[in-house]
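Enquirer: Please see the structure below; I have some questions.
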Protein chains: 2
Amino acid sequence: MKKFNVAILGATGAVGREMMKILEERDFPLASLKLLASARSAGKTLPFKGEEIVIEEATPAAFEGCDIVLGAAENDVAMELLPHAVKAGAVVIDNSSAYRLDPDVPLVVPEINPEDVKWHKGIIANPNCTTIITVTAVGGIHKLSPVKKMVASSYQAVSGAGVGGMRELEAQMKALSAGEPVVCETFPYQIAYNLIPQIGGFNAEGYSSEEMKLQNEGRKILHADDLRVTCTCVRVPVMRSHSVSVSLETERELSLEEIREAIAAAPGCKLVDDPANKQYPMPLDTSDQDLVYVGRIRKDLASDNGGIALWCCGDQIRKGAATNAVQIAELVAAL
Amino acid sequence: MKKFNVAILGATGAVGREMMKILEERDFPLASLKLLASARSAGKTLPFKGEEIVIEEATPAAFEGCDIVLGAAENDVAMELLPHAVKAGAVVIDNSSAYRLDPDVPLVVPEINPEDVKWHKGIIANPNCTTIITVTAVGGIHKLSPVKKMVASSYQAVSGAGVGGMRELEAQMKALSAGEPVVCETFPYQIAYNLIPQIGGFNAEGYSSEEMKLQNEGRKILHADDLRVTCTCVRVPVMRSHSVSVSLETERELSLEEIREAIAAAPGCKLVDDPANKQYPMPLDTSDQDLVYVGRIRKDLASDNGGIALWCCGDQIRKGAATNAVQIAELVAAL
């Protein structure tokens, strides 16, 4: 079996570290693993399969000899360095938003559009975390009958802002429990005991960048150019699973039975829909595993077209980022 | 000026205590204040205007001589005792859900339908907290052109489950910060760092009782029998302000300018809508005051009928319960 020289760009962040964990868990066929980060982290080590790997500085020359590069850096770093990885002959799977809407770059959720990896030209983009979780939840429905519109309200974990977001929530909770003042660095306002209805900057129409991703990336992943989505993205004091309340309409009106069967059969999904017995998706239950839980499935009472409402939760760092990227790497390895 | 003999049924709960505070703050014309609670609390005292009032046991005979009774008890206690208050000649303003949909009982948000207090037959119902906050937010829009449908996702504070809910969240946070095990009594699952998509029991269609209130009570308050609402109600680890993400359609298509002007002019509302400068409603900002903050106003991208999306927050204990009840008492006092 072929083995691959893999590098992780941004190995010290929340997503980079999780990528290491998932490469190990899924026993990805590695010939070697290179960890790349900023000069600040170079020389430090991170454990992998019982050994310590020395972190190297991420430079244009660092990608020589790499077959696959997993990008877990911010947009600016991604755009500066990843083209060098492509030139060095690597296939790049990038978690930043820099290339997601580039028509030359496939945007892939392996459970939904695995075939799109085939037309890559060096870069494959990993979608936004909320988008991955939502399209994984509705992918089975979309196969039955195309989703035409969605109204989505998100409840997004602090892990979406990286390790700093998680540390900040924990530190604020500890401070408040001890009666000490709260420090805000990662988020613009206190997130402990609060909600912040802003993730990313706002466009002229009043939508945040995060809110537009579900429509724009959703269209590309689902091959549904006329999908319309209104989204409200809200940061909540939850550690690492995103939740989304979705109302959607499909081309053909679907029965609740069809929908439940489709979700139960959809790869990457777990149907958790027995409210009478208090069984529904919750972010604590979906953390640190890969499935998107879907439940609270019912008819949308405000819809003229037989719409349905549902509630889904998934781990932001894993399925929302690192796991999805490693799954794409597995598709690349099988090309 | 006429003064009133007022009693609070359920004075020791979160809403009952807040009613005392608000009667004092708003200088309600009191001849006397009687505090009624279960036998367990009888004999204890609570402070009011610098004096200690002795709590009396809530019995059928306890309402003799009362002009106005503010009900802050659960449904079963309300239904058992409040008819005796009516028989004793008092006007009852009840915060339980027992009488809200009774056609003989007005359901009132003073900023929206103050005229409905006039036809009371002894009982006036105080609406559900999420409903009060949402209809206060959209009341100005509804006057411009009737709201036809809403898709709402709520982010509900633990105060909605009373003092016990607030204590449980705080205790769980302290336990987790100290590395100790979490105790769940009020909520079915851990609420710290979690979300619970259940408030109340579920009907055959899969909606929780809380979720149906926004449609059923909203219709009655807004005098809009054909209003259709799909709601998803979620408990979040926030102390005492509810937030709601709303997409709505009106009979006539409205411009964003009309909508912003209507909200800015609507009684009980504060327009907080400057996202570019990070100004939007947040539950920490709306706690311990009476206004419903409304912002994130924008066109609903998934609507065929010029719908709009907005985000609103309000204090659950005050405007969502105690303040609204005292405002109704002020309308009764002026009859």
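Taken together, the values in this text are just the output of simple stated rules run on the coordinates, not laboratory data. These numbers come from a predicted model, not from an experiment. Using ideal geometry, Cβ is built from the backbone for each residue, glycine included, and neighbour counts are taken over all protein chains shown.
Enquirer: Once the dipole of the stretch A:285-331 is set up with Lys and Arg at +1 and Asp and Glu at -1 on Cβ about the Cα centre, which of A:S303, A:L331, A:C313 lies farthest towards its positive end?
Expert: Looking along the dipole axis, the top candidate is A:S303.
Enquirer: Between the stretch B:306-335 and the stretch B:253-286, what is the separation of their alpha carbon centroids in Å?
Expert: That distance is 16 Å.
Enquirer: Using +1 at the Cβ of each Lys and Arg and -1 at the Cβ of each Asp and Glu in the protein assembly as shown, identify which of A:I259, B:G50, B:G160 lies farthest towards the dipole's positive end.
Expert: Of A:I259, B:G50, B:G160, it is B:G50.
Enquirer: Working from Cα positions, state the angle (0 to 90°, nearest 10) between the long axis of helix B:323-333 and the longest principal axis of chain B.
Expert: Rounded to the nearest ten degrees, it is 60.
Enquirer: Pull up the DSSP beta bridges for the stretch B:131-316 and report the antiparallel fraction as a percent, rounded to 5.
Expert: Numbers: 24 of 35 bridges.
Bridges in the stretch B:131-316 are about 70 percent antiparallel.
Enquirer: Quantify how strongly other chains surround peptide B:310-317 by giving the mean number of their Cβ atoms within 10 Å of each of its Cβ atoms.
Expert: Per-residue shielding by partner chains comes out at 1.
Enquirer: Using only the Cα atoms of chain B, build the gyration tensor, take square roots of its eigenvalues as a ≥ b ≥ c, and label the shape rounded, prolate or oblate: rounded if a/c is under 1.5, else prolate if a/b is larger than b/c, else oblate.
Expert: Working: a/c = 1.76, a/b = 1.28, b/c = 1.37.
Judged from the Cα gyration tensor, chain B comes out oblate (a/c at least 1.5, b/c at or above a/b).
Enquirer: Put +1 on the Cβ of each Lys and Arg and -1 on the Cβ of each Asp and Glu in chain B; which of B:H84, B:F63, B:P237 then has its Cα farthest toward the positive end of the dipole?
Expert: My answer, from the dipole projection, is B:P237.
Enquirer: Ignore the peptide's own chain and count Cβ atoms of other chains within 10 Å of each Cβ in B:154-162; give me the average, rounded.
Expert: 1
Enquirer: Ok, one more. With both partners inside chain B, how many of the DSSP beta bridges are antiparallel, as a percent to the nearest 5? Spell out each step's value before the answer.
Expert: Values: 28 of 59 bridges.
DSSP beta bridges in chain B are roughly 45 percent antiparallel.
Enquirer: For Cα pairs less than 8 Å apart in space and 6+ apart in sequence, what is the mean separation divided by the residue count of the stretch A:131-316, i.e. the relative contact order in percent? Intermediate results must be reported in sequence, preceding the final value.
Expert: Numbers: 380 pairs, mean separation 54.6, N = 186.
Over the stretch A:131-316, the number comes to 29 percent.
Enquirer: With each label point set 7 Å from Cα along the Cα-Cβ vector, what nm distance links B:A178 and B:L30?
Expert: For the pair B:A178/B:L30, the computed spacing is 3.6 nm.
Enquirer: From the label point of A:A175, set 7 Å from Cα along Cα→Cβ, how far away are the matching label points in the other copies, in nm, ordered shortest to longest?
Expert: Ordered by distance, the counterparts are at 2.6 nm.
Enquirer: Could I ask something else about it? Which entries of A:K143/A:K220; B:K87/B:K121; A:K299/B:K213; B:K143/B:K299; A:K2/A:K270; B:K148/B:K299 have Cα-Cα distances beyond 22 Å here? Could you put the intermediate results ahead of the total?
Expert: Numbers: A:K143/A:K220 15 Å; B:K87/B:K121 11 Å; A:K299/B:K213 16 Å; B:K143/B:K299 19 Å; A:K2/A:K270 32 Å; B:K148/B:K299 16 Å.
Distance filter (> 22 Å) returns A:K2/A:K270.
Enquirer: Looking only at the stretch B:44-127, where both bridge partners belong to it, what percent of the DSSP beta bridges are antiparallel (to the nearest 5)?
Expert: On the way: 4 of 12 bridges.
Counting DSSP beta bridges with both partners in the stretch B:44-127, the antiparallel share is about 35 percent.
Enquirer: Ok, one more. What are the distances, in nm and sorted shortest first, from the label point of B:A264 to the label points of the same position in each other copy, with each label point placed 7 Å from Cα along the Cα-to-Cβ direction?
Expert: The projected label point of B:A264 is separated from its counterparts by 5.4 nm.
Enquirer: Aspartates and glutamates within cross-link reach of B:K174: Cα-Cα under 20 Å, excluding same-chain residues under 8 positions apart?
Expert: A:E168, A:E170, A:E180, B:E185
Enquirer: If the only charges are +1 at each Lys and Arg Cβ and -1 at each Asp and Glu Cβ, what is the size of the charge dipole of the stretch A:131-316 around the Cα centre, to the nearest 20 debye? Each step should come with its number before you reach the end.
Expert: Details: 18 positive and 24 negative charges, 8 e Å.
For the stretch A:131-316, the charge dipole is close to 40 debye.
Enquirer: Here is a follow-up. Label point 7 Å out from B:A204 along Cα-to-Cβ: which residues of the stretch B:220-254 have amide N under 15 Å?
Expert: Of the residues in the stretch B:220-254, none has backbone N under 15 Å from the label point off B:A204.
Enquirer: Be a star and scan the stretch B:1-28 for residues whose amide nitrogen sits under 15 Å from the point 7 Å along the Cα-to-Cβ vector of B:K49.
Expert: Zone members listed by number: B:1-8, B:20-28.
Enquirer: Can you compute the modelled spin-label distance between A:A264 and A:E115, with each label point 7 Å from Cα toward Cβ, in nm?
Expert: That separation, rounded to one decimal, is 2.8 nm.
Enquirer: Could you grab the relative contact order for chain B? Cα pairs under 8 Å, six or more apart, rounded to a whole percent. Intermediate results must be reported in sequence, preceding the final value.
Expert: On the way: 746 pairs, mean separation 62.4, N = 335.
So the answer I get is 19 percent.
Enquirer: Sequence-distant or interchain residues sharing an amide H contact under 5 Å with B:K34, placed H: which?
Expert: Amide H neighbours of B:K34: B:V6, B:A7, B:I8.
Enquirer: Using +1 on the beta carbon of Lys and Arg, -1 on that of Asp and Glu, and nothing else charged, what's the dipole of the protein assembly as shown about the Cα centre, debye to 20? Display every interim value, and only then the final one.
Expert: Numbers: 66 positive and 88 negative charges, 41 e Å.
Here the protein assembly as shown has a charge dipole of around 200 debye.
Enquirer: Counting helices only, and only those DSSP H runs with n ≥ 4, report the 222 nm mean residue ellipticity of the protein assembly as shown as the sum of -39,500 (n - 2.57) divided by its residues, in deg cm²/dmol to the nearest 500. Intermediate values should be presented prior to the final figure.
Expert: Details: 16 runs with 192 residues, N = 670.
The helix contribution divided over the protein assembly as shown gives -9000 deg cm²/dmol.
Enquirer: Let me ask something else. Determine the sum of side-chain charges near B:N203: Lys and Arg each +1, Asp and Glu each -1, restricted to other residues whose C-beta is under 10 angstrom from that of B:N203. Let's see the in-between values first.
Expert: Numbers: positive: A:R298; negative: B:E205, B:E211.
Net local charge, B:N203 excluded: -1.
Enquirer: Right, here's the next one. Which distances, in nm and shortest first, link the A:E74 label point to the same label point in every other copy, taking 7 Å along Cα→Cβ?
Expert: Label-point distances to the other copies, shortest first: 5.1 nm.
Enquirer: Going by alpha carbons, how many degrees (0 to 90, nearest 10) lie between the helix axis of A:129-144 and the longest principal axis of chain A?
Expert: Helix A:129-144 sits roughly 50 degrees off the main axis of chain A.
Enquirer: For peptide A:296-305, how many partner chain Cβ atoms fall within 10 Å of a residue's Cβ, on average?
Expert: Values: counts 9, 1, 8, 4, 4, 12, 14, 4, 4, 1.
Average per residue, whole number: 6.
Enquirer: In terms of Cα to Cα distance under 17 Å, which aspartates and glutamates are near enough to A:K118, apart from those fewer than 8 places away along the same chain?
Expert: A:K118 reaches A:D67, A:D94, A:D102, A:D104, A:E330.
Enquirer: Ok, one more. So if we plug the beta-carbon distance of B:D274 and B:A224 into 1/(1 + (r/R0)^6) with R0 = 30 Å, what FRET efficiency do we get, rounded to 0.05?
Expert: Values: r = 30 Å, r/R0 = 1.01.
Result of the calculation: an efficiency of 0.50.
Enquirer: I need the shape label for the protein assembly as shown. Rule: rounded when a/c is under 1.5, else prolate if a/b > b/c, else oblate, with a, b, c from the alpha carbon gyration tensor. Write out the running numbers ahead of the final one.
Expert: Working: a/c = 2.43, a/b = 1.91, b/c = 1.27.
Taking the square roots of the gyration eigenvalues as a ≥ b ≥ c, the protein assembly as shown is prolate.
Enquirer: What's the angle, to the nearest 10 degrees (0 to 90), between helix B:75-87's Cα axis and the longest principal axis of chain B?
Expert: 60
Enquirer: Can you give the charge dipole size of the stretch A:68-183 about its Cα centre, rounded to the nearest 20 debye, using +1 on the beta carbon of Lys and Arg and -1 on the beta carbon of Asp and Glu?
Expert: 400
Enquirer: For the stretch B:78-104 and the stretch B:3-46, compute the distance between their C-alpha centroids and round to whole Å.
Expert: 17
Enquirer: Which three extents, in whole angstrom, do the alpha-carbon atoms of the stretch B:208-335 cover along their principal axes, largest first?
Expert: Here the Cα extents, ordered largest to smallest, are 43, 38, 32 Å.
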